[in-house]
């Protein structure tokens, strides 16, 4: 019983630790990139 309770507590505490730990993702620092949007070549309006 105590071993099972200990495993449950360990499982929950590890999950909380992962949630509140610093971010470990290593994405490249690209900065702000301009987005001009996709152009639509049709000149007709569709209502």
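For the range 1-41, state the semi-axes of the equivalent ellipsoid (square roots of 5 times the eigenvalues of the alpha-carbon gyration tensor), sorted largest first and rounded to whole angstrom.
46, 14, 6
By per-residue mean of other Cβ atoms within 10 Å, what is the highest-first order of 8-14, 20-26?
8-14, 20-26
Suppose each label sits 7 Å from its Cα in the direction of the beta carbon; what would the residue 8-residue 29 distance come out to in nanometres?
Roughly 4.6 nm, to one decimal.
With each label point set 7 Å from Cα along the Cα-Cβ vector, what nm distance links residue 18 and residue 38?
3.5
Since every read-out is calculated from the coordinates, none of them should be taken as a lab result. As the structure is a computational prediction, the values presented were derived from the model and not from experiment. Glycine also receives a Cβ, built like all others from the backbone with ideal geometry; neighbour counts cover every protein chain displayed.
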